[in-house]
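Each remark here refers to the structure printed beneath this line.
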């Protein structure tokens, strides 16, 4: 991309992230990774997208990304941020009624680390309001039971929350495409529940976030499902592989950074393990797609130049099925955790931390949208443009 900030009908004022018209893409996709309490970052990103009138045609998520996806697809555009805010304020309420004092600032990193760990301990004991609650008595490791009982927490509160905040009839009308991924416990196969092929209910969203042994498997039509993040923590490839191919602007919102510092102790080693495991090699998947799309575009242009008699060959017809000239912008927004968050950051649901995550997502999205190339259709050979604020951003 070499266009200046004011060239073209879709250029934006770099002082604002708001748009006067929709960018030149046939589809806007919002792709949300799993990551528990870190998911408030995605809500902040969506707030900025909504302010810019970048309402997605397709939302796809895993785990907490599935919950955020349901809150977006299951509400009209004017109510989505409100519903996201209601959910995140619900789950960030103390299970023991401890009030949140927003005017109290904790500037010392060591103190903040201790406070976060204490809050995580409260979650382990008391659960998360509107999300999950501890089983009483708690199960023992060798306790036998049904698949929906083999967990330390019960997710009945999440079902009630989803039924209250999400209009599943709206999702099933297909106005916004909706996809969530889960793993079949019996077969180990990964499956997407998509409103193009399934009638979506709260159980499909819950299945995508049923992470053992904390949360129980979710039953759907006689099969038990676990969290999709056990196999793949991002639906990026599912969206990019969709047919028919369309000019696509995809916002990939990740909660785990693949890149990080070398650990200095066992706690940091455990954290780094989580980050690598759940980052799902997003950048590698994107690089592979760029190579594949380069080949598809090359085949498309080659077939255009073939004489008619060669185009009729079976081999040419086979290649024509893979030929493609569509363009893709893949915009990566990746949460970068603070040092004090530690290994419990994905289940530290305090209000203070939730607000920080939300604000970080909002600010990253605003800064990203101020770059005009993000919203312009790429004209390079690959037909794919990628943008990562931390890597490509400039102020």
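Laid out as a table, the results:
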item	result
Among beta bridges that DSSP assigns inside the chain, antiparallel share in %, nearest 5	35 percent
Cα-based convex hull volume of the chain per residue, rounded to whole Å³	168 Å³
Cα centroid separation, region 50-88 to region 162-212 (Å)	14 Å
Rel. contact order, % - alpha carbon contacts under 8 angstrom, at least six apart, region 253-354	41 percent
Area projected by the alpha carbon convex hull of region 31-96, averaged over all directions, nm²	4.2 nm²
Theoretical ellipticity at 222 nm over the chain - DSSP helices of four or more residues, -39500 (n - 2.57) apiece, nearest 500	-11500 deg cm²/dmol
Inter-label distance for residue 124 and residue 276, nm, one decimal - labels placed 7 Å from Cα along Cα-to-Cβ	2.4 nm
Acute angle (nearest 10 degrees) that the helix 266-279 long axis makes with the longest principal axis of the chain, alpha-carbon atoms	40 degrees
Within a Gaussian network of the chain (alpha carbon springs, distance under 10 Å), most fluctuating of 347, 100, 328	100
Debye intensity ratio in log₁₀ form over the Cα atoms of region 73-162, taken at each q of 0.23 Å⁻¹	-1.15
Contact order normalised by residue count of the chain, Cα under 8 Å, 6+ apart, percent	26 percent
Max mean-square fluctuation residue, GNM over the chain, Cα-Cα springs under 10 Å, options 377, 164, 296	164
Most mobile of 279, 94, 179 in a GNM of the chain (Cα contacts under 10 Å)	94
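All of the numbers you see were taken from the coordinates with simple rules; none came from a lab. Remember, predicted model here, so these are calculated numbers, not experimental data. In this analysis, Cβ positions are derived from the backbone assuming ideal geometry, glycine residues included, and neighbour counts consider all displayed protein chains.
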